[in-house]
Each structure stands twice: as structure tokens, then as C-alpha cells.
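Novice: First the structure, then my questions, so here it is.
The values are calculated or read from the model by the stated rules, or taken from the named source; none is laboratory data. Please read these numbers as outputs of a predicted model, since none were measured by experiment. Note that each Cβ is placed from the backbone with ideal geometry, even for glycine, and that neighbours are counted across all protein chains shown. Ligands, DNA and RNA are excluded from the accessible area calculation, which covers all protein heavy atoms including side chains. Shrake-Rupley method; radii C 1.70, N 1.55, O 1.52, S 1.80 Å.
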Amino acid sequence: MKKRTLEEKGKDWVPEEDDKFGEDKVTFVNYLINNCKGLKNSKSISNIIANVEFTKNFSKEELQHNIIVPLRESGEVFIGTSNKGIYFIDSSEDAKKTLDFYANRIRSELKHLRNLKKIIRKNDLFKNLKPKKDEKTKINIYFDESGTPSLKNLENDPFFIVTAIVIESDRNKPILELDKKFKFIREVLNKKSDFEFKSTRLKQHEYKKTLIELSTIDYEFASIIFDKAKLNSAGFNNAKSFYKFSFDYLLKELFDYVGGTINLYFDQYSSEESIFQKEFEKYIKNKNLGYYLKDIDNLGMFNSNDHPFIQIADLISGVLKNFMKRKSNLFDLVEEKCIFIRRFPL
């Protein structure tokens, strides 16, 4: 069977029934296909607004926010960007140009971020700064791990992997969708209604089916893979110290990519309200200034049954563990959600 082209997929694209901008999205996509197909036919947003009959009057910012960005996030239609304007991606060359455009822009922005951090450190700019509680952007980050923070039994347990799942908490849609999606997957896999999704509890075909179904959920992830055989510092011999260090390291790396008020939800490592749990929460809170005054609003360790996104963190960590141990490779099913994966030591 011949594979459908991006143009054919674009022409057949249908918005969700409750999408109040759905009609205008369809109009926009069809206009791009007919008038802005490919990099050479790029047009400015102002030009498009002037020539397209939308049902609503959009400003440039409104068109970006309500039409272009959601279409890109849909995973079905992608709008290319160049210095000339925007265009409908229809070929490998278009995709390469847009990929390079974003990669170069991200690298440039990260360079600016690093230079800003240098100034913050040198001048102690955050010394007397108080975080604002009215921050509009709110981020939920859910954590879990695979393997153990112990340097014993390296042959069977060579890696300790920590993963963070990131969603915008003011967008409740992903949270509501995940509950429905897990319910659906349980029914498809013939699991009990209280089945908890863990990488060690799924057969290979179940694991694959679960990841495919979860691909429609709006989340991102970041992970650190600790190669335990290469950890020579004495501090790693203490499992609890290693555990705390691993999540601190992940947070420092991740916070370059998130801003706003942040809620942190960790999987319980020991019993609820244990001494270690209190130590861990205090450790992360005391690191707040080290995270460049990220405003951590809520922080705690929770049962993964109460926070389904912690279960996704477990599944992602399991994917990476199986890949590293060459047991299976399901990474292509989650790659599009990846912010970064780091190995430690480098």
C-alpha cells in the first residue's frame, strides 16, 4: 500500500469536535497547501492574515497561539518556519531546513541562558530576590526511577535511571486524558481496574501497546542514566546519598528548560512520612537557591497510584533500562516526547 503524502494527510486533517478554532485551522491548512507549500513559497503571517477569510479576526500573536502552535502540537500537521515566513512542510528538504532553523535557534538561546547564569552568579543577583506567588506559568514534574541506587550486584543492575515527566499544570487536559487513557488500556490488556502500570509488570507486547496509546497524551520527559560501574567517588557508596544526588542532578539539568512556579511529585522511595522522606524533601527544598530561585510551590513524595504521571516516569525509565541492557528497543515510541537524555559520568 502506497504511503500517504504529507499533503494528503493535511487535506484530510480533522480537528476535534469541541475545538472552537477547528474551522479556522482547516481553512489555514488548506490555504498553506494551496499557496505556501514548501520553503520557497514561505509567506509572512501578516500576509496570510490579510488574504485568508477566517471566521475570527486574528492578530499575529493570536494566530500563532490559537492556530499554528496547536497544529504543530497535533503531531499530524507541521508548519515550517524560515526567515521569510511560514510554510507547509511537504518534503524531506523542507523538514531539514526547519529542523536546522530550530536547532540553531535553541543553541543560541541556551548560550544566552548560560551567559545570564554567569552574571547571576558573579553579581549574586538573587541574594535578596523573593519569588512571586502570582506566577502564571505552572509546571508539574513527576519523578520515578529504574534500578537501585546501590553499587552492589552491578552485573544484574548496572544502571540507575531517573526520569522526570513534565506537563503544564494549568492545562488540565493531559491529566484528565491520562486517567481515561489508562482506563482504556487496562480494558484492552484485560487488566484489573486498579492495575498499576510499571515496566516490570508488562509483557513486551503490552508494553508496546501501552506506549503507543500514551503517545496521544501531552507530556515531555527528561532522564539521567547513571552508569554505576563508572561511579568512583566514595559518596556513591551510600545509597540514600546517591538517590538524593541523582534527582538533584536531574533537576539542575531540567530547570534550564522550564520556568514559572513548579510542583514536584516524587515516587515514594520508602514508607510514607519516613525519616528519609523528610530528609529528601528538606534536601531538595534547601537546594532551591542552587536552582536559580526556581519557585518550587509544592514538593512531596507520593504513592504512584495517586499520581498516574509517576507511572509514566516508571515506564520511560524502563524503556531506557531495557535499551541500555539490550533487552529491547521501544525508544522510538517515546522519542518525540524527549527533552533530553544524559549519561553520568559523561
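Novice: If Ser46 passes every condition in (1) assigned to a loop (DSSP other than H, G, I, E, B); (2) of a type outside the set (Phe, Trp, Tyr); (3) open to solvent by 50 Å² or more (accessible area, probe 1.4 Å) but one, which one does it miss?
Specialist: Among (1) assigned to a loop (DSSP other than H, G, I, E, B); (2) of a type outside the set (Phe, Trp, Tyr); (3) open to solvent by 50 Å² or more (accessible area, probe 1.4 Å), Ser46 violates only (1).
Novice: Restricting to the range 209-225, and then to whatever is β-branched (Val, Ile, Thr) and open to solvent by less than 20 Å² (accessible area, probe 1.4 Å), can you tell me which residue is modelled with the lowest pLDDT? Walk me through it before giving the result.
Specialist: To start, the set of residues in the range 209-225 that are β-branched (Val, Ile, Thr) comprises 210, 212, 216-217, 224-225.
Now drop any that are not open to solvent by less than 20 Å² (accessible area, probe 1.4 Å), which leaves 210, 217, 224-225.
Values: Thr210: 94, Ile217: 87, Ile224: 97, Ile225: 97.
Among residues in the range 209-225 that are β-branched (Val, Ile, Thr) and open to solvent by less than 20 Å² (accessible area, probe 1.4 Å), the one modelled with the lowest pLDDT is Ile217.
Novice: Please identify the pairs in which a residue from the range 10-23 that is closer than 16 Å to Thr55 by Cβ has its Cβ atom under 9 Å from the Cβ atom of a residue that is at pLDDT below 90 and small (Gly, Ala, Ser), counting only partners at least 6 apart or on another chain.
Specialist: Pro15/Ser74
Novice: Sticking with this one: Tell me, which residue of the range 226-240 that is among the aliphatic types (A, V, I, L, M) and either closer than 20 Å to Phe276 by Cβ or in a helix (DSSP H, G or I) (or both) is least open to solvent (accessible area, probe 1.4 Å)?
Specialist: First, the residues of the range 226-240 that are among the aliphatic types (A, V, I, L, M): 229, 231, 234, 239.
Pick out the ones that are also either closer than 20 Å to Phe276 by Cβ or in a helix (DSSP H, G or I) (or both) and you get 229, 234, 239.
Values: Ala229: 71, Ala234: 77, Ala239: 33 Å².
Checking each candidate, the answer is Ala239.
Novice: Also: Looking at the range 303-312, which of the residues that are farther than 15 Å from Tyr219 by Cα and touching a residue at least 40 places away in the same chain (Cβ under 8 Å) is surrounded by the fewest Cβ atoms within 10 Å (Cβ to Cβ)? Steps first, answer last, please.
Specialist: At the first step, the residues of the range 303-312 found to be farther than 15 Å from Tyr219 by Cα are 303-306.
Then drop every residue that is not touching a residue at least 40 places away in the same chain (Cβ under 8 Å), which leaves 304-305.
Working: Ser304: 21, Asn305: 11.
Per the stated criteria, the residue is Asn305.
Novice: Here's a check for you: in the range 39-84, which residue that is small (Gly, Ala, Ser) and modelled with pLDDT under 90 is farthest from Arg4 (Cα to Cα)?
Specialist: Checked the range 39-84; the qualifying residue farthest from Arg4 (Cα to Cα) is Ser82.
Novice: State all residues of the range 14-43 that are crowded, with 17+ Cβ neighbours inside 10 Å, assigned to a loop (DSSP other than H, G, I, E, B) and touching a helix residue (DSSP H, G or I) at 6+ places or on another chain (Cβ under 6 Å); if no residue qualifies, say none.
Specialist: Pro15, Phe21
Novice: Output the residue which, of all residues in the range 57-92 that are closer than 14 Å to Ser42 by Cα and open to solvent by 70 Å² or more (accessible area, probe 1.4 Å), is nearest to the chain's Cα centre (by Cα).
Specialist: Filtering first and then ranking leaves Phe78.
Novice: Might you let me know whether the range 277-289 holds any residue that is open to solvent by less than 70 Å² (accessible area, probe 1.4 Å), aromatic (Phe, Trp, Tyr) and within 26 Å of Asp124 (Cβ to Cβ)?
Specialist: yes
Novice: Which residue is most open to solvent (accessible area, probe 1.4 Å), if the candidates are limited to the range 313-328 and must be at pLDDT below 90 and under 13 Å from Ser199 (Cα atoms)?
Specialist: Checking each candidate, the answer is Lys327.
Novice: Taking the range 93-106, which residues are among the polar types (S, T, N, Q) and either touching a Pro at 6+ places or on another chain (Cβ under 8 Å) or open to solvent by less than 20 Å² (accessible area, probe 1.4 Å) (or both)? Spell out the reasoning first.
Specialist: Kept after step one, since they are among the polar types (S, T, N, Q), are these residues of the range 93-106: 98, 104.
The answer is Thr98, and nothing else.
Novice: Determine if the range 192-208 includes at least one residue that is acidic (Asp, Glu) and open to solvent by 100 Å² or more (accessible area, probe 1.4 Å).
Specialist: Initial filter on the range 192-208 (acidic (Asp, Glu)): 194, 196, 206.
Next cut, open to solvent by 100 Å² or more (accessible area, probe 1.4 Å) only: 194.
Checked the range 192-208: at least one residue is acidic (Asp, Glu) and open to solvent by 100 Å² or more (accessible area, probe 1.4 Å).
Novice: Quick check on the range 202-225: of everything there that is part of a loop (DSSP other than H, G, I, E, B) and either within 27 Å of Asp248 (Cα to Cα) or not charged (D, E, K, R) (or both), which residue is farthest from the chain's Cα centre (by Cα)? Don't jump to the end; show me each part of the working.
Specialist: Going through the range 202-225, the residues part of a loop (DSSP other than H, G, I, E, B) turn out to be 202-203, 215-219.
Now narrow it down to the ones that are either within 27 Å of Asp248 (Cα to Cα) or not charged (D, E, K, R) (or both): 202, 215-219.
On the way: Leu202: 23, Ser215: 11, Thr216: 13, Ile217: 10, Asp218: 8, Tyr219: 5 Å.
That would be Leu202.
Novice: Right, next: Within the range 241-273, track down each residue that is under 20 Å from Ser317 (Cα atoms), of a type in the set (A, V, I, L, M, F, W, C) and either open to solvent by 20 Å² or more (accessible area, probe 1.4 Å) or in contact (Cβ under 8 Å) with a residue 40 or more places away in the chain (or both).
Specialist: Answer for the range 241-273, where residues must be under 20 Å from Ser317 (Cα atoms), of a type in the set (A, V, I, L, M, F, W, C) and either open to solvent by 20 Å² or more (accessible area, probe 1.4 Å) or in contact (Cβ under 8 Å) with a residue 40 or more places away in the chain (or both): Phe242, Phe245, Phe247, Leu250, Leu251, Leu254, Leu264, Phe266.
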